[in-house]
Each structure stands twice: as C-alpha cells, then as structure tokens.
Amino acid sequence: MKKNIANHSNYGKVNVILSAALSAILSIGLVSCTNDNDDSINNQVTDDNVVFDDASALSLVNGVYSHWQPLSSSFSFIIELNSNKLISFEGAEEKEGPLNSRFEQQPDTWYQIKVFNHLFLGIVEANEAITAINKAFNNGKVTQEGYNAAVGKAKFLRALAYLKLAQLWGEVPIVTEAGGSATERQDLNTVFTQIVNDFLAAESLLKDYNGDPRIPSKQAAQGLLARTYLVWGDNPLTAEQVEAIADTQTDPEFTITPSRLEKAIEYANRVINSGKLALDPEFKLWGREYESNKRGTNEHLFTIAHDGDKIDAQGNHQTHCSWTFPFQNGENGKQYKQNHTEVADDDLYDDWFAEQPNDKRLAATYFTEIVNPEDHQVYHYYSPVYTPINGKGVDQSYDDAENLEIKKNSVDRIEIRYAEVLLIKAEALVQLGRSADAVEPFNQLRTRAGIEGVSADELTLDVIKREWDYEFTYEQFSVLNSYRWKNLISSVQEVSHYKHFADDWKDKQTYTSDQEAYFTKVHNHLKAKYNNVRGKHYRQPIPTGLSKEDLGIAQNPGY
C-alpha cells in the first residue's frame, strides 16, 4: 500500500501515490472483473489498468470531489469568522470555531488543518488521475472526448484548490503530474502562473455551460480565471511583506498590477458574451429547490453537490451551523441555545437597512423574525432576544426548511455565480480608473436588487466594496476580500461600532439571564477580534497534517 500524503511526514513527495484514487474506482464497481491480458494478476487494479475507457477516466477524476465536499461549511469557519461578519459559539471557547472567531487560530486548529490538507489531497488525487488518463489515452483506451472531459475537470479542480491555498496561505508548494516538491514553498507569481495555466487548459478542454452548475464548464473556468486575475492583480502580500507587519495593527498599502486587472475584465467578458449565464431575477439562489439550476435562470455557474450525509463525504453543514437550534431562542416557552455560528451584531442588519431599505437581498441575507411552521409562533432574531440569523446558511426554498434541512445538510454550495462575474468586471474597471465602463455591469446587480443604480461619478472603490457585502455576505468572501483590499485590520476593528462592543452594553437594554449570557459572549468575541487581529492574519498558519504531524513546510510569519 502506498503512503497517504496527509498522514505521513514525507507528505507530498512526488513519488507518493494516493491509494484512494484506486479504491474510489473499486468501490463503485467500474473495474472489470476480468483482465483479458493477464489472468495471473488476480484482477488486481494497478496504475496501468485503473483507466480502461471514458467512463472510468471520468470516475477517477470524480474522486477528487471527496476532498471538496467536507469543506463546504469549513471554509466559513476561516473566511467568515476571520472578519467582522461572523462569530462562533461552536462548543467551548477553546474549540476551533471560537478560536477562529477571536483570531486565535494556531497550526493545530482543526479547521485550518482540515481545509489545507483536503485541498492538497484533492490536488494529489487530480495529479494521479491525469497521469493515469494520459497513459490510457496514449494506449487508445480513452477517446479524445473522454480525455477532454476528464483531464479538463481534473485541471479545473486543481486550479481551484491552488487558488484557495494561495489566497489563504500565500506561497505554497506546487506539485503536478510532472513532479515538484510538496514541502518547498514557491513564490506567488509561480503559484498564480500554475493556477492560470490549469484554468486555461480547463477552458480549452471543457464544454460550454449546459445549465448544470455541478459540471465544470468552459464558462466556469473563465469566471474563475477572472477571479484569479482580480486576486493576482491586487498584488497579494509576499511573505516578506507579511513579516514586516506581522505583529502590528497596521494595514499595508493597496497596490495593483493593471495588466492583470485587464485580464480579469477579458475573462469576465468571455462569460458575459457567451450569453449562457444570467441573474436570477428574484434572487432565489439558496436551497434544494433552487440548486442545480432547477429554476432555469442560469446564475449558478459552478457548485459543489451535496446529498446530505449519504454517499458524499460530508453534507453541507453550512445550514446546520447557521441554524443549529431552530426556534430555541427562549421565546414561546422554548429553550435558549446558541448556534454554532452567529451574525456578529445587529448593526450589520441595521446599517444595511438604513442605507438601502428596499434592497430585496437584505431579507435573504438576514432573518430577523421567523414563523415556526410547527407551532405557528413568531420567533425573533434581533436584540435583546438574539442576533439576526445568517439567512444564506438556511434553505430558503421550501416550507419548514428551518426544521428539516438542519438534519439533511443537503444544500449544494455555490462556488461561483454569475453575479460575481459582473462584480469582478465592475471592480477591475473601477480600479483601473474606468468607472464609466463599470456602471453597466454594476447596475445590473442594483436593478436585480430593486434599488437605484449609480452614475459613473458615484461608482468608487468604496461603493464596490459595499456591494460585495450587499451581494455576497456569508458566501465565503469576507476575509479574502480584506486580503485583496489590504484592509483586514481596519475592517475587523469596525466591530468597535457594534452595539454590544461597548463595556456598558448591559445598561442600554433589559436582558433575561439567558440573553445576558448570550450577549456577553458576543461582547467578548467582538473585543477579542478588535484586540487580537494583527498583520500576521493576512495569512493562515501552516497547519499540521491530519494526524497532527509536521508537514515540513516553512511556517507563515508570526505563528
């Protein structure tokens, strides 16, 4: 049995092969029970025969999804908790969720371990699949169409994994089917060049978007190329730059590389000009009845499929974490319990309402009162009872979702939707000083939201930043955008304006004992965010392996 890279100190040596890639094929019965060439091998699956036709090639690549499915909610425990948007009461205060909420994550914090290792496991499995498929193709076992579908998907998923790794950890090792080291960190330009090359390969190999966002498509690759160039164009901090501010509460200077932003616009335009994507006119995007393009509106561009805790690696617990104890907020005779993730404060709802009271995205983003279909009573999620609820973590598509979906965890996770493509284009244009050109894509989002558009004079980078909040709150962008805009510390310290930050918060309203205990935690987390955030948090700590072993990768500054 060859070594699993996530559980061995030699993690990532280029000659290490995942046995999971072979076992995935066996488990779904895709390998023939006989071998026409050599009966003496006792039907053993090997690197030479694991791919024998188009279907087995694609199935081998599909095994990569087993490393993406456990991450659908875990991304939020890093990306949203490391911001001013979300806090976590998942378990005791020393547990992984609260640690991230308070900016106290370390190399042995589970969510960092889980995300980092599963992304790399997916990369290695994609590498092995590409190697096996190339060999089978050269031997005439796989058609050109089968090769394109399988290798295009493998390179698409590998590029997306490296993009997440580069955004969260900076310089990372590069290992492909051609070789490399999984301990030697590469400079950011090398990493982003690899990401771009993989997405370009995927763009050339994959078919056009066919209405099923679970299948990587040419337009999905183009949309993610636009994202990649926007991130790269905003000049991600190097390790040396992070080292210089690691122990400070000072944000670095925001700079851009215009040529890369031009590429972001180019690839956004390819998606837009394809005519295959559109905005859902009613902003109905979250839930089992809306996923997989069931409404036929073509806004979901690429999603990670979930069927709950059945045959996928893990259901999408985003729903579970956002609504851990439905209707247990102390009202109507019910218990008072605390969800695993919580909106950081009422102010996030109030500020938006004050700015754009008619924005129909607000009601889908924050729930402030809900009628329980079981007892028909109204439950409030607003101080002094509770904080608002993250609506995008709850299935919004069918009756009684609040009671049922928490157990099913079956809502697909949206990785990219058409609205992001439009906003990427608008932002890149604004950063380049071309606000007049940015008005049209930007105002498409405003029109869909039911609010007034802006003029070229009004469309500034600050307006773009606020639109990311309006459109994508809780969709796993918060800390990544702060990294891009170089405003991590200043944005996190905005919590000082939230009503439960002040030391005299108890004097401003009357609370029951349960409510006081709850908002005491809110207060403590807001204080911790403000006090703890540092320049080092522009990177996540390089974690241990899944078995807590040292991966042999140089640590990020400050950890």
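When Ile311 is tested against (1) of a type in the set (A, V, I, L, M); (2) within 30 Å of Leu188 (Cα to Cα); (3) without any contact (Cβ under 8 Å) to a residue 24 or more places away in the chain, just one condition goes unmet, and that condition is (2).
Just checking, does segment 117-126 include any residue being within 16 Å of Ala150 (Cα to Cα), touching an Asp or Glu at 6+ places or on another chain (Cβ under 9 Å) and surrounded by 24 or more Cβ atoms within 10 Å (Cβ to Cβ)? Within segment 117-126, one or more residues are within 16 Å of Ala150 (Cα to Cα), touching an Asp or Glu at 6+ places or on another chain (Cβ under 9 Å) and surrounded by 24 or more Cβ atoms within 10 Å (Cβ to Cβ). Step by step: first the residues of segment 507-534, then only those that are in contact with a Gly (Cβ under 7 Å, 6 or more places away or on another chain) and not polar (S, T, N, Q), then the one that is farthest from Ser74 (Cα to Cα). Which residue is that? The qualifying residue farthest from Ser74 (Cα to Cα) is Asp514. Residues in segment 311-342 that are at pLDDT 90 or above, under 17 Å from Glu405 (Cβ atoms) and not polar (S, T, N, Q): Cys321, Phe325, Phe327, His340. Answer with yes or no whether Ile272 is crowded, with 19+ Cβ neighbours inside 10 Å, of a type outside the set (Gly, Ala, Ser) and more than 25 Å from the chain's Cα centre (by Cα). For Ile272, the condition - crowded, with 19+ Cβ neighbours inside 10 Å, of a type outside the set (Gly, Ala, Ser) and more than 25 Å from the chain's Cα centre (by Cα) - is not met. Filtered by the rule that a residue be surrounded by 21 or more Cβ atoms within 10 Å (Cβ to Cβ) and part of a loop (DSSP other than H, G, I, E, B), segment 371-395 gives Tyr381, Ser383, Tyr386, Thr387, Pro388, Val394, Asp395.
Filtering segment 190-214 to residues that are outside any helix (DSSP H, G or I) and free of Cβ contacts under 8 Å to residues at least 40 places away in the same chain leaves only Asn210. Within segment 418-437, the set of residues being without any contact (Cβ under 8 Å) to a residue 24 or more places away in the chain and at negative phi comprises Arg434, Ala436, Asp437. Could you tell me whether any residue of segment 302-319 is touching a Pro at 6+ places or on another chain (Cβ under 7 Å), crowded, with 17+ Cβ neighbours inside 10 Å and more than 28 Å from Phe103 (Cα to Cα)? Yes, some residue in segment 302-319 is touching a Pro at 6+ places or on another chain (Cβ under 7 Å), crowded, with 17+ Cβ neighbours inside 10 Å and more than 28 Å from Phe103 (Cα to Cα). You will find that of Lys536, Lys548, the residue that is out of contact with any Ser or Thr (no Cβ under 7 Å at 6 or more places or on another chain), more than 29 Å from Leu224 (Cβ to Cβ) and of a type outside the set (Phe, Trp, Tyr) is Lys548 and no other. Might you let me know whether segment 312-327 holds any residue that is of a type in the set (D, E, K, R) and in contact with a helix residue (DSSP H, G or I) (Cβ under 8 Å, 6 or more places away or on another chain)? Yes, segment 312-327 contains at least one residue that is of a type in the set (D, E, K, R) and in contact with a helix residue (DSSP H, G or I) (Cβ under 8 Å, 6 or more places away or on another chain). Could you tell me which residue of segment 438-465 is farthest from Asp251 (Cα to Cα), considering only residues that are assigned to a helix (DSSP H, G or I) and in contact (Cβ under 8 Å) with a residue 60 or more places away in the chain? Restricting to residues being assigned to a helix (DSSP H, G or I) and in contact (Cβ under 8 Å) with a residue 60 or more places away in the chain, the top hit is Arg448. From the list Glu289, Glu266, the lone residue that is modelled with pLDDT of 95 or more and either among the charged types (D, E, K, R) or within 23 Å of the chain's Cα centre (by Cα) (or both) is Glu266. Can you say whether Ser547 is surrounded by fewer than 19 Cβ atoms within 10 Å (Cβ to Cβ) and touching a helix residue (DSSP H, G or I) at 6+ places or on another chain (Cβ under 6 Å), as far as the supplied structure shows? Considered against the rule, which asks whether it is surrounded by fewer than 19 Cβ atoms within 10 Å (Cβ to Cβ) and touching a helix residue (DSSP H, G or I) at 6+ places or on another chain (Cβ under 6 Å), Ser547 comes out as yes. Considering only residues that are in contact (Cβ under 8 Å) with a residue 12 or more places away in the chain and over 16 Å from Ser410 (Cα atoms), look in segment 314-330 and name the one that is farthest from the chain's Cα centre (by Cα). By that ranking, first place goes to Gly330.
Residues in segment 475-523 that are assigned to a loop (DSSP other than H, G, I, E, B), out of contact with any strand residue (DSSP E or B) (no Cβ under 9 Å at 6 or more places or on another chain) and surrounded by 18 or more Cβ atoms within 10 Å (Cβ to Cβ): Phe477, Lys486, Tyr498, His500, Phe501. Looking for whichever is surrounded by 21 or more Cβ atoms within 10 Å (Cβ to Cβ), among the acidic types (Asp, Glu) and over 17 Å from Arg417 (Cβ atoms) here; the options are Glu291, Glu331, Glu299, Glu342. Which one fits? Only one candidate passes the filter, namely Glu342. Looking across segment 353-408 at every residue that is among the acidic types (Asp, Glu) and either within 22 Å of the chain's Cα centre (by Cα) or closer than 17 Å to Ile87 by Cβ (or both), the one that is modelled with the highest pLDDT is identified as Asp395. Exactly one residue out of Asn35, Asn43 is of a type outside the set (Phe, Trp, Tyr), at pLDDT 50 or above and either part of a loop (DSSP other than H, G, I, E, B) or surrounded by fewer than 24 Cβ atoms within 10 Å (Cβ to Cβ) (or both): that is Asn43. Would you mind stating whether Asn524 is on the phi < 0 side of the Ramachandran plot, modelled with pLDDT of 95 or more and out of contact with any helix residue (DSSP H, G or I) (no Cβ under 9 Å at 6 or more places or on another chain)? Yes, satisfied. Looking only at segment 75-113, residues that are buried (at least 21 other Cβ atoms within 10 Å of the Cβ), under 17 Å from the mean Cα position of the chain (by Cα) and free of Cβ contacts under 8 Å to residues at least 60 places away in the same chain come to 2 in all.
Of the numbered conditions (1) touching a residue at least 40 places away in the same chain (Cβ under 8 Å); (2) out of contact with any helix residue (DSSP H, G or I) (no Cβ under 7 Å at 6 or more places or on another chain), Trp286 satisfies every one except a single condition; which is it? So the condition that Trp286 fails would be (2).
The values are calculated or read from the model by the stated rules, or taken from the named source; none is laboratory data. What you see is a predicted model; the values in this text were computed from it and never measured. Virtual Cβ from ideal backbone geometry, glycine too; neighbours counted across all protein chains shown.
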